[in-house]
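These notes are about the structure you will find just below.
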Amino acid sequence: MSKKTVACTFALLGLAASLGLAQAEGTAPIKVESGTYKVEPGHTQVVFSLLHFGFTHYSGLFSDVSGTLTLNSAHPAASKLEVSIPVSSVQTTSDKLTAELKEADWFDAAKYPTATFVSTQVTPDGKGGATITGNFTLHGVTKPITLQAHYVGSGINPMDKAYTVGFQATGVIKRSDYGVKTYVPMVGDDVALTIAGAFEKQK
């Protein structure tokens, strides 16, 4: 199910790079400081949603994301992103389902504890957004993925005084592409992803 969510997280992170000096429509250019950033795990979430037995769109999330973003504001296409997510961080509103998702029929967190994303291309759209592509590995399977990201904001975090940049990303993937086929098609194969990514600049 939500394995794909992890993928999006990565995508979102990489998109951040592409937004460096993007021209937001009707506003001044977005100015984000170049440099090396690390994922701020406390405020980064990967949310997944899929159709459950044709009745509801059911959601869950992954957390505890880690990774690095090399942001080049002058040349966004040169930016790089590498991210990892612990599969066991999956959460839902059902304790029983959360436990099941970690088992062999689903994510098999014991055998495949980490999902990773490595960016391959960042393409800014000139309006404060970007398309990012990369290789996502989950459940022992690596596939290319593409996400759409949008700049949210940047500046000094008043709590920890770290320069921070944030992005929102969305996308849709098929869980069966990664070998997670339990209950398909009764439980949806298409997984919608919404990623909130926060990144702190390193000194």
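The values are calculated or read from the model by the stated rules, or taken from the named source; none is laboratory data. Everything numeric in this text was worked out from a predicted model, so none of it was measured. Methodologically, a virtual Cβ is constructed for each residue, glycine included, from the backbone with ideal geometry; neighbour enumeration extends over all protein chains shown. Only protein heavy atoms, including side chains, enter the accessible area calculation; ligands, DNA and RNA are left aside. Shrake-Rupley method; radii C 1.70, N 1.55, O 1.52, S 1.80 Å.
Of all the listed residues (127, 111, 161), the sole one being out of contact with any helix residue (DSSP H, G or I) (no Cβ under 7 Å at 6 or more places or on another chain) and under 20 Å from residue 91 (Cα atoms) is 111.
Considering (1) of a type in the set (Val, Ile, Thr); (2) touching a residue at least 40 places away in the same chain (Cβ under 8 Å); (3) open to solvent by 60 Å² or more (accessible area, probe 1.4 Å); (4) more than 18 Å from residue 82 (Cβ to Cβ), the lone condition that residue 164 does not fulfil carries the number (3).
Of all residues in the stretch 24-54, those satisfying the criterion of being at pLDDT 90 or above and hydroxyl-bearing (Ser, Thr, Tyr) are 34, 36, 37, 44, 49.
Cβ separations smaller than 8 Å between residues 6+ apart or across chains give the following pairs from the stretch 55-79 residues that are at pLDDT below 85 to residues that are of a type in the set (Val, Ile, Thr) and not in a strand (DSSP E or B): 73/32.
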